[in-house]
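The values are calculated or read from the model by the stated rules, or taken from the named source; none is laboratory data. These numbers come from a predicted model, not from an experiment. Here the Cβ positions follow ideal geometry from the backbone for every residue, glycine too, while neighbour counts run over all protein chains shown. The area values use the complete protein model at the heavy-atom level, side chains included, leaving out ligands, DNA and RNA. Shrake-Rupley method; radii C 1.70, N 1.55, O 1.52, S 1.80 Å.
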Amino acid sequence: MNNLQETWVYLSASPLFHLTLTLVAFQAASWLFERGGRNPLLNPVLGAVLIVVAVLVATGTDYGTYFEGAQFVHFLLGPATVSLAIPLYRQWHRVRASALAITVSLLCGSLTAIVSAVLVTRALGGGSEILASIAPKSVTAPVAMAIAEELGGLPSLTAVLVIVTGILGAMFGPLLLDLARIRGWPARGLAIGTASHGIGTARALQVNETAGAFAGLAMGLNALATALLLPILWHLVF
């Protein structure tokens, strides 16, 4: 029993353990997703998060210790994002043909995401700090956190809201698009990428390459549009 406890103490202090935990958790969640017929409610990201959090809470491990191992996966986030250019390149002829429609839809989507979040939060009594934290929730995390900090929000809260938005968009976005009878893959991809950034884009890529390409495009352009529009709107209103 003492040897087992000593082994656990050694493993829990090793960055390799937390890297392995992250990969195993995602594989387990992905397996459950596939076994469940790719049910959106069994989103692999959500499943992996729940498994990792359960292990960290059960073992009393703080986030800093966990991130020492998980930072290797975090590093790969950059190359993974850049690789979205590959499906986008394959669909470039469609992007050029729909440039005006893409521009209009992105501007409308970006403004809707900002305004709806601010109005709902304000109606529920949220202060300016909370408003600044939630306004960029539909933008990829690094950009959203930078915007929130500039506006006087809490970057840590923004990061949580971004992840929650992405997971909810990946889970319920396709269902809402079906209910709205939006069938075209480019339109579905643009909607999911604009509303739920990287996590939604990953979901779109699982379903259809064209949807994934347009979701990746929307994710990048929405980050740019929000970074430009939100500070202007914020200073006009507040």
Counting only complete DSSP H runs, which helices of the chain cover 27 Å or more along their long axis at the Cα atoms and score a mean Kyte-Doolittle of -1.0 or above? 15-35, 99-123, 155-179, 209-237
Using the crude model of +1 on Lys and Arg Cβ and -1 on Asp and Glu Cβ, and no other charge, please compute the dipole size for the chain relative to its Cα centre, in debye to 20. 1000 debye
For q values of 0.12 Å⁻¹, compute log₁₀ I(q)/I(0) with the Debye formula on a Cα-only model of the chain, without solvent. -0.74
Of every hundred units of 1.4 Å-probe accessible area on the range 82-236, the number belonging to carbon and sulfur atoms, as a percent, is 71 percent
Quick one: go through the range 146-161 and flag any residue whose amide nitrogen is under 18 Å from the point 7 Å out along the Cα-to-Cβ line of LEU119. none
Excluding ligands, DNA and RNA, what is the solvent-accessible area per residue of the range 82-238 at a probe of 1.4 Å, expressed in Å²? 50 Å²
Scattering from the C-alpha atoms of the range 9-79 alone, worked out with Debye: what is log10 I(q)/I(0) at q = 0.11, 0.15, 0.17, 0.23 1/Å? -0.29, -0.51, -0.64, -0.99
Given 113-122, 92-101, the highest-first ranking by average Cβ count within 10 Å works out to 113-122, 92-101
Whole Å is fine, so just give me how far the alpha carbon centre of the range 45-61 lies from that of the range 128-173. 21 Å
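Tell me which trypsin sites (Lys or Arg not before Pro) from the range 140-189 have a DSSP coil assignment and no more than 15 other beta carbons within 10 Å of their own.
Details: sites: ARG181, ARG183, ARG188; in loops: ARG181, ARG183.
Filter output for the range 140-189: ARG181, ARG183.
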Using only DSSP helix segments of four residues or longer, with each worth -39500 (n - 2.57), what per-residue ellipticity at 222 nm results for the chain after dividing by its residue count and rounding to 500? -27500 deg cm²/dmol
